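Asker: My structure is below; once you've seen it, I'll send some questions.
Nothing in this text is a laboratory measurement; each read-out follows from the coordinates by a stated rule. These numbers were taken from a predicted model, which means no experiment stands behind them. Backbone-built Cβ (ideal geometry, glycine too); neighbour counts: all protein chains shown.
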Amino acid sequence: MKLRNWAQVGLATCLAGPALAQNAPAPADTEVKSVETIIVTGSSIRRQVETSALPLQIINRDDLKREGISSPEQLISYLTANVAGIDNLAANADVTENRGARGGSFANLRGQGSAGTLILLNGRRVAAHGINGGAVDINQLPIAAMQRIDVLKDGASAIYGTDAIGGVINFITRTDFQGLKANAFTDVTEQGGGNIYQASLLAGYGDISTQNFNIMATVSYRKNEELLASERDFIDTFQINRGLSVDTRGTPFGTIFPLATSATSPFTPNGTLWGTTTTAPLVPGSTTLRYTGGVNPLALPGGLGCTAIKDMDDYAEQLWFSPTNSVTASLACSWDTGEQASIQQEQETLNGLVRAVYRFGEHQIVGEFTASEATADNRFSHIQLTPNASAITGPDSTSLNFAYFRIPGVNDAIYDRIANALVAAFPTDTALAGRRALNLPIAMRWRCIECGRREISTTTTTNRFFLGADGPLPLDGWSYRVGASQATSEAESVLGSGYYYRNALTVNGVQKNNGIVNVFNSGVINPFLRPGETQTAAGLAALETASARGVRLFGGKFTVTQYDGSLSGPLFELPAGKVYAAVGVDFRTEEYEFNGDRRVAAERANILGAPFDDANALNAVSRDVKAVFAEVVVPVLDNLEITVAGRVDEYDGFGRTTNPKYAFKYRPLEMLLFRGSYSTGFRVPSFNQIYNGTTSVDLALGSAVVDPKTCPTLVVSTLPGCGNILDLGPVRETTGGNRGLGPEEAENLSLGFVLNFAGNATASVDWWRIERTGTIATLTRTQLQQNYNDFADKFVRDPASGRIVEIDRRILNAGGSLMEGMEISLRNSGEFMGTKWVAALDGTHIINRQSKLLPSAAYGPNEVDKWTRFQDLTLSWRHNAYVTLTRGDWSATFSQSYRPSYLDNASYLGIASGVFVPADYQQRVKSYTTYNTTVTYRGIKNMVVTGGIKNIFNTDPPFTLSYDSDLGSGSSWDPRVTDPRGRAFTLSVEYDF
């Protein structure tokens, strides 16, 4: 599609990372007549882009070049309307069982979630990510083949059906390219690590206007090199003075723990050297507190100190423990797991597209084939070995039964050194001396550095076939549009380095592999290596015999087959103009399957720490969707236009849902346009949310659970009705999918204006509000108890006695959410002394974000500008701005990207209680502003050269307490807000043969 030059109509498209224009496309390579009409994203009626009343942003190839954006993930992260969450490659960087984000990146327009943002390719659906099964991985799309990207920031379920709650992102490919074009792109960091390289080739033959056909093909290759946290100085988890430290005592130099005596254990029948929680040495000056929180020999008096080992430091027990017993871990060390994470994952992507168009008369047939293969390698912290007193009883146990003990003739000297150091540190503890005399084993947590960082490699393969036709009908002014497509995404995650079988596996008398517990307990591994010492060759060789490298973790496949057709044209004439209408049908089949461990049952030896998900394995499941939709545009007055649209969808298993949309466009003055809309939307549950397996486990003995029907305090006590229900018998807790789930529903409201003044100056402001009900969630046991009257059916009782026998915590339709915000776009352009200039700003202001547990409940506090752990980080204001100067063959751009300050994490026990306030603790994270520049030269025949600098001033991400030892999402920085790469230099060379 050829588009008008933005500067001529005074609505410059802004891409300050990227900022874009409202309601009109940005400059493309060539121009066309303004009377040309197209199917605008968010409508089924052909119209001029300039006359659309929708809050539509359009990005073209020049915009992407200007900001050095080379992937859809980079594009999405810069959109101010996209609310940053953890569903991206940087935020899922450590021990996470969020399989839905394996290898993928997802959009989140207006904070409605990746499943609430609809992704289209040329106006049709693409397959959801094969493992996620509920949202589209945007990195599968061939950005090198794009003509433009439409971002519709409005609800669109009345046009497209499910998922279009927060908005629609429509990737639109080139349509009539001729010739051969090559492009090479580099994005190299100044500090090293995280470099990006991309190359593409585009070829096209045939002129539709004269030869009635065109065939176009493109292929592109992209490589993201890994960026390690250790390669950036601003990443430092050991900043106790500011309130940040890592909560792990699994260290490369083993941390010793008490372990209960167990007659069933072959290793600890008589206990361990450090004793039990009741016999460990007393804390000096105390008669009750004992060193049960871990003791590291490095931290003992006269020891080398925790910092003697790389990435180790003192354990910040005052942050992680309650103030009354923090001293029990005061002799422990910790290890910085955040330093081991990939803050940019290594990824290779190969994309291809073939598109053919044949025209006969005024009709045309279009065929498309797209394919991609992407491999992302997620590498993170090393495996931790943790002891357990019980014997290993089954293949699903995740605890280790190991202890470091003396193997005569193998590790006597190491054992004696550690045991003697402990006894010397506590000379008055006769019980410890007695256990030393018995040479009892040492139980510990130990981080296996020699095992290598854990790695999970995910390969995602996608393909899409499309055949469509469009053209005029015999009716005056009417046209048709039909299409058929099938898209598939298949993904598989495989274990790499760092994963080990727990125990040896023997099948029919043949040992298939060794186990890391066996290796450790053989004595060939030394968990107390001092600086300069290394494991022996025999120890390293033994570890390799237990490696689980190459084992398939899980895989999935999602397929969507779609048939659609629509008719559009004028209905009749009114005094103000013609009434236009469109009607259409949409038939769709969605299929999904998810496979876990592919090993045969007899050979499924436990792999330590591997996040298998066999409980949720699905054979092929599917659902059919049938829909009809209509849209009418009525010119009520010369300056007032009303649009009414509606869609009826019928889903297998959910029944029928009807969603209308009403919109208006009113221009009281030539320079002023008012616009607004009201619509409803919906999102059906994903296959995982419906069909995930259910798991019922008995609540652990020692848990304190009351009957919320009889105990108003919800606390176990001697009050009547507040006894521990576990004393009456076992209670199961059930989690998993729910086949009775209903769809989430939404109401969208927007109101705004566009003001054209002073020639080429334009301003637009759009206020919007989205309220969702029936949000799909998994509630905690406490939430169910606190709202017993609404969830009484979740407490299953024995009919005879009335006691609770099961608590149903399966996923359900819960309460709701409310978001309200404004989007602002400012731009101007002109010419001064032969130099053309364009200035623009796009910003998003989130006014309010609230949620509630029940439909009848009041909304909770405003969540804007407040740190969250697993949810989106909703910032009150984000903007991108730029200025571009063009003179002759040269153009240059200077741009700014701004992210505001927000309230930091304060969930650490010490800080939250107010007992421990670090000296340099700050409640707010500072704002984050970066500047970029690019220069483009077109003076060489057939060549365009663009060079740029990202983050000109090399601004580090601001310090935050954000650190998650499971997700690995940040270690003194937050990947939802900032870019850790620092200053980078980009170069793009494009050549037309």
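Asker: For Cα pairs less than 8 Å apart in space and 6+ apart in sequence, what is the mean separation divided by the residue count of the chain, i.e. the relative contact order in percent?
Answerer: Value for the chain: 13 percent.
Asker: Order of 696-705, 144-153, 342-351, 212-221 by packing, highest average Cβ count within 10 Å first? It would help to have the intermediate numbers written out before the result.
Answerer: Working: 696-705: 11.8, 144-153: 23.9, 342-351: 22.1, 212-221: 18.8.
Result, highest mean first: 144-153, 342-351, 212-221, 696-705.
Asker: How big is the charge dipole of the chain about its Cα centre, in debye rounded to the nearest 20, if each Lys and Arg gets +1 on its Cβ and each Asp and Glu gets -1 on its Cβ?
Answerer: Working: 85 positive and 98 negative charges, 35 e Å.
Charge dipole, the chain, about its Cα centre: 160 debye, nearest 20.
Asker: Would you list ARG249, ARG797 from fewest to most Cβ contacts within 10 Å?
Answerer: With the fewest neighbours first, ARG249, ARG797 line up as ARG797, ARG249.
Asker: With +1 assigned to the C-beta of every Lys and Arg and -1 to the C-beta of every Asp and Glu, and no other charges, what is the dipole magnitude of the range 750-847 about the Cα centre in debye, to the nearest 20? All intermediate terms of the calculation are to be shown ahead of the outcome.
Answerer: Numbers: 10 positive and 11 negative charges, 58 e Å.
Roughly 280 debye for the range 750-847.
Asker: Among TYR500, ALA443, THR460, flag the residue with its Cα farthest along the positive direction of the charge dipole of the range 422-516, charges on Cβ as +1 for Lys/Arg and -1 for Asp/Glu.
Answerer: Going by the charge dipole, the pick is ALA443.
Asker: For the peptides 525-531, 488-494, 115-121, what is the packing order when you average, over each peptide's residues, the other Cβ atoms within 10 Å and list the highest mean first?
Answerer: The packing order, highest mean first, is 115-121, 488-494, 525-531.
Asker: I would also like to ask the following. Where the centroid of each part is defined by its Cα atoms, how far is the range 841-890 from the range 443-520 in Å?
Answerer: 32 Å
Asker: Sorting HIS363, HIS129, HIS382 on the 10 Å Cβ count, fewest up front, what's the list?
Answerer: On the way: HIS363 13, HIS129 29, HIS382 20.
The fewest-first ordering by Cβ neighbours comes to HIS363, HIS382, HIS129.
Asker: Please state the charge dipole magnitude for the range 187-323, taken about the Cα centre, from unit charges on C-beta atoms (+1 on K and R, -1 on D and E), reported in debye and rounded to the nearest 20.
Answerer: Values: 7 positive and 13 negative charges, 111 e Å.
Computed about the Cα centre, the dipole is about 540 debye.
Asker: Against the empirical 2.2 N^0.38 Å scaling, what ratio does the C-alpha Rg of the range 290-331 come to?
Answerer: On the way: Rg = 10.6 Å, N = 42, 2.2 N^0.38 = 9.1 Å.
That works out to 1.16 for the range 290-331.
Asker: What is the log10 of I(q)/I(0) for the range 521-608, computed with the Debye formula using one identical point scatterer on each Cα and no solvent, at q = 0.15, 0.18, 0.19, 0.23 Å⁻¹?
Answerer: -0.87, -0.96, -1.00, -1.13
Asker: Work through the residues other than ILE58 whose Cβ is under 10 Å from its Cβ and net out their charges, Lys, Arg +1 and Asp, Glu -1. The partial results should precede the final answer.
Answerer: Working: positive: ARG148; negative: ASP63, ASP150.
Counting the neighbours of ILE58, the net charge comes to -1.
Asker: A follow-up question, please. Would you mind checking the tilt of helix 412-425 against the longest principal axis of the Cα atoms of the chain, expressed as 0 to 90 degrees and rounded to 10?
Answerer: 80 degrees
Asker: In addition: On the principal axes of its Cα set, how long, how wide and how thick is the range 651-708? Give whole Å, largest value first.
Answerer: Per principal axis, max minus min of the Cα coordinates gives 74, 32, 20 Å.
Asker: Still on this model: Take the alpha carbon atoms of the range 750-775, find their center, do the same for the range 104-144, and report the distance between the two centers in whole angstrom.
Answerer: 24 Å
Asker: Also: Identify, among SER286, THR255, PHE380, the residue whose Cα sits farthest towards the positive end of the charge dipole of the chain, taking +1 on the Cβ of Lys and Arg and -1 on the Cβ of Asp and Glu, with the dipole about the Cα centre.
Answerer: Checking the options against the dipole of the chain, the answer is SER286.
Asker: Further, regarding this structure: Considering only GLY816, ALA630, ASN748, whose Cα is most displaced toward the positive end of the charge dipole of the chain, charges sitting on Cβ of Lys, Arg (+1) and Asp, Glu (-1)?
Answerer: Working it through, the farthest residue towards the positive pole turns out to be GLY816.
Asker: Moving on. Tell me the net charge near LEU385. Cut-off is 15 Å between Cβ atoms, LEU385 excluded, with +1 for each Lys or Arg and -1 for each Asp or Glu. Present the calculation step by step, with values, prior to reporting the outcome.
Answerer: Working: positive: ARG249, ARG445, ARG447, ARG454, ARG502; negative: GLU450.
Residues near LEU385 contribute +4 overall.
Asker: Just rank ASP377, ASP313, fewest to most, by other beta-carbon atoms within 10 angstrom. Can you show the working numbers first?
Answerer: Numbers: ASP377 18, ASP313 21.
Lowest count first: ASP377, ASP313.
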